[in-house]
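Structure, as structure tokens:
The values are calculated or read from the model by the stated rules, or taken from the named source; none is laboratory data. All values reported here derive from a predicted model rather than from experimental measurement. Every residue, glycine as well, gets a Cβ built from its backbone with ideal geometry; the counts of neighbours run over all protein chains shown. Side chains are part of the model used for accessible areas, which takes the heavy atoms of the whole protein and leaves out ligands, DNA and RNA. Shrake-Rupley method; radii C 1.70, N 1.55, O 1.52, S 1.80 Å.
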Amino acid sequence: MTSSDAPSTAPRTWRKPPFIANPLLRYGLIIVAAVYLVWAFGSLPFNWARISEGLPRAARIFSGGFPPNLERYELLLTGFKESFQIAILATLLGVFLSIPFAVMAARNIAPMPIYIIGRAVIIVSRSFHPVIVAILFVAAVGFGPLAGILTLTLYSIGFVGKLLAEEIEEIDWGQVEAMKAAGAGYVAILFYAVFPQILPRQVGLSMYQLDSNLRASAVVGIVGAGGIGGTLMNAFGRYDYDFAFAILLIIIAVILLSEGVSGWVRKKIW
Amino acid sequence: MVDHAQQLADRIWQRYDRKQRLIRYAVLLATLMVVVWAVRDIDIFWPWVWDAPNQISGLGARMWPPSAEGLNGIIAALIETVHIATLATFLTIFLALPVAYIAAQNTTPNRACLWLGRFILVSSRSVNTIIWALLFVAIFGPGVLAGILAIVFRSIGFIGKLMGEAIEEIDRRPVEAMEATGASKAKVIAYAIVPQVMPAFFAIVILRWDINIRESTVLGLVGAGGIGVILQGAIDTFAWPTVATIMIAIIVLVLIGEAVTSLLRSKVL
Amino acid sequence: MLEITNLVKRYGHDEAVLKGLDLKVEGNSVVSIVGASGAGKSTMLRCINRLVEPTSGSIKLNGNELVNLKGAELRRARRKIGMVFQGFNLLDRLTVMENVLAGRLGYVNLYQAISRRYPQDDIERAFVLMERVGIAHYANKRADELSGGERQRVGVVRALMQEPEVLLADEPTASLDPRTSEQIMILLQSLASELSLPVLINIHNVAQAKTYTERIVGLRHGKMIFDGLPADFNKDALDAIYGGIEAPDDAITEPPVEERSHDFV
Ligand SMILES: Nc1ncnc2c1ncn2[C@@H]1O[C@H](COP(=O)(O)OP(=O)(O)OP(=O)(O)O)[C@@H](O)[C@H]1O
Ligand SMILES: [Mg+2]
């Protein structure tokens, strides 16, 4: 403060320097945010009459839901069995199919046009929520677990393929060059210099993917792609709330269990 | 002597390897058995499977070319989807932060609060958005409110868990210094905790907003608003070219969302 | 006047870390506390402002008993006790000025604290003190952009903003280079006489303790074994405090694990 030439008797003030220095930008952003919130709230079609019935309805649903009812446990077991089967088969297919797509989408080993195709497949399959994909597959191949398997296979290809492609892009290039020097062809290089390097990662990823496929298989059923989700949807549709809550609680338990197991296995492997 | 030790080491090594190999084979065998069981037991009509490629390409053919009809409605629905995601993310902040506070080991007022916080986070995270939506549609009827609440209830767990971890990782020395000045709890939070978790907070909220955009595209399939409603409508009426347009619109929306997120990240962090 | 009588501190069920300490500090004297690692220096200092709960004993500041205070009363007592830390303990992501004003947190209300609208007097005092230690031109700089010596000056000013009746410094110079650490010691010494403030300094550097303080207290295994003028602090005293090849109970009094993370906020 010695540099300031104001008389030292004048009271000195201090304000916290604002987060955004430019006042125009600062107030502009605040106004934009406020206007957005008002606009968004105002433009959304809320059905207040229907919403106001919500509380009594919630009371009815929850009182109807407790205690959860496990009488029809056979239905529940069948649903879970199917979800589990969907998750396993989709993980297996997805993890295998993700390898070629990952190779296609790795910039260091795929030629340009192939690379673009590989990336596009991965981006597209990652953009869609599995439930949307499921509804299309249901439309194409009919209700049932087949649609679920196809959906989750695509979902796995997107997720595993992306991470695997990144892994391939980071491999130790020396091994590839060594193979090239030995006169190996493209496929031989893939099998001897690339895959061994990404294999450990792939095993961990499969465990992770099995866990997320199990979660997802519980929801694709809601649009008719098989598994416990369908059972849940039916229970809700028939106002069978005590059964629905029983399903919900067991879904939560299974998900927590599978998260724990998958975490434990991945820790063991690495 | 040396030879003997060498042999011993070899033998131990061998045995260890054999055990590991055994475990490996056992795991492989178990996996194989589970897969065989799954394939044989699953409720699939196999002729349909061989027919599936035909069916899928048939559907693809019916979708092509995408129709520009109803584009205005689609764009309006997209905007509604963004609104749902944004408002829900915004509301979540106010609910998730207190939960994070009580669910963090080092800030929780007492054991009971800690377990309450953890219970809220776990239940929020293990119920999928679309199942939350199902519940809220049953309560509040079809519409955007059910959608917003579904996203909020799912996001509380996500933001709350990550923020709780961020709070647990803070440097506690400034906290101690603030306590030593005689500051009250609220002031200690405002000065020593909030600034430390701010960067994590922005990163987490931006990340969740991106996820919420994706999630809110499906809410409509159970009647909870957004682009999913017209997607369901188009599928129900077999308007496949419109379905294709909606799918393209969703991709565009998700890509825009990703671009906005990475822009925000580079600006704010 | 700070008066400690029969202070005992025991962590969990371990052996007591402080075993009945008595200490009286009057007027504006600068007292240095020396002792080997684990002797209990930090524990003693932290018992005074209750960052650590004493097991038993009495601590009086100007006649007020501190050990049984709770809640708002404890906070009111703490704002009269300034503390300077070895690791500075600054709010890294905030500006120097905010760090300094944080010393007033015990006095302002929550709205003033959050909106940073501190009373004019506080701001004036902050500038005066920052000028005194030569950091006023950094007012709007982020605290983590400063050098170690500058950061410790911020720490000292923050403690002085509390208008303390006693200043505690726990190894204030241990993270600084020799030159800077001398400067901080000189600063503490002169501030003590300017503000007529008693200062307690934990310190490992015996030479500095002798040069810059007027009284030396030696701790060993939680007991006071020296209390006198720097001139009397001779080789024998040094051996008694630090010598320890023969010390049989070293292993017992220094449990290797410390569990500190549980209690705060
Ligand atoms: N929170 C705690 N829980 C358990 N034991 C502790 C805790 N804090 C300190 N101790 C123990 O108390 C003893 C004294 O510690 P203290 O930090 O007071 O020593 P010190 O004299 O300041 O040492 P240094 O010179 O290394 O700072 C040590 O044996 C230490 O392990
Ligand atoms: Mg210490």
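Assorted remarks:
- Tensor-based shape of chain A (alpha-carbon gyration tensor, a/c under 1.5 rounded, otherwise prolate or oblate): oblate
- The protein assembly as shown: antiparallel DSSP beta bridges as a percent of all, rounded to 5: 55
- Taking only the Cα atoms of the range A:78-162, the radius of gyration and Dmax are 13.8, 47 Å.
- Our summary of shape: the Cα atoms of the range C:91-163 have principal axis extents of 31, 23, 17 Å, ordered from largest down, in whole angstrom.
- Chains B and A together bury roughly 5000 Å² of accessible area, counting both sides, with a 1.4 Å probe on protein heavy atoms only.
- Phi angles of the range C:110-115 translate, via the Karplus equation with coefficients 6.51, -1.76, 1.60 and θ = phi - 60°, into HN-Hα couplings of 4, 4, 4, 5, 6, 7 Hz per residue; Gly and Pro are given as x.
- Three-way shape call for the range B:33-173 based on the alpha-carbon gyration tensor, with the a/c threshold at 1.5: oblate
- Per-residue mean of foreign Cβ neighbours for A:208-217 is 0 (Cβ atoms of other chains, 10 Å radius).
- Surface composition of the range A:83-269: carbon plus sulfur atoms hold 71% of the accessible area, using a 1.4 angstrom probe and ignoring ligands, DNA and RNA.
- Between C:I81 and C:E165, the built amide H atoms are under 5 Å apart, and every one of these is 5 or more places off in sequence or on another chain.
- When the Cα atoms of chain C are aligned to their principal axes, the ranges along those axes come out at 56, 40, 35 Å in descending order.
- Surface share of carbon and sulfur [accessible, 1.4 angstrom probe, percent] for the range B:71-268: 73
- Shielding by partners, peptide B:21-33 (average Cβ within 10 angstrom, other chains): 0
- Under 12 Å from the B:N72 label point (7 Å along Cα→beta-carbon), backbone N, the range B:240-255: none
- Cα shape, the range A:1-116, gyration tensor, a/c 1.5 rule: oblate
- Taken about its Cα centre, the range A:83-269 carries a charge dipole of about 80 debye when Lys and Arg each add +1 at the Cβ and Asp and Glu each add -1 at the Cβ.
- log₁₀ of I(q)/I(0) at q = 0.09, 0.11 Å⁻¹ - the protein assembly as shown, Debye sum with one point per alpha carbon: -1.02, -1.18
- C:V8/B:L264 FRET efficiency (R0 51 Å; Cβ-Cβ; nearest 0.05): 0.40
- Taking every DSSP beta bridge that has both ends in chain C, the antiparallel portion is near 55%.
- Entry note, chain C: relative contact order of 27 percent, from Cα contacts under 8 Å with a spacing of 6+ residues.
- Entry comment: accessible area of chain A is 52 Å² per residue, from protein heavy atoms only and a probe of 1.4 Å.
- Greater than 30 Å apart at Cα, pairs in C:K60/C:K235; C:K60/C:K223; A:K16/C:K210; C:K70/C:K210; C:K60/C:K210; B:K187/C:K24: C:K60/C:K235; A:K16/C:K210; C:K70/C:K210; B:K187/C:K24
- Computed from label points 7 Å out along Cα-Cβ, the spacing between B:K185 and B:Q105 is 2.0 nm.
- Taking a Cβ cut-off of under 15 Å around B:G226, the surrounding Lys, Arg, Asp and Glu residues balance to a net charge of 0, with basic ones at +1 and acidic ones at -1.
- To the nearest 10, the accessible area of C:H204 is 80 Å² with a 1.4 Å probe.
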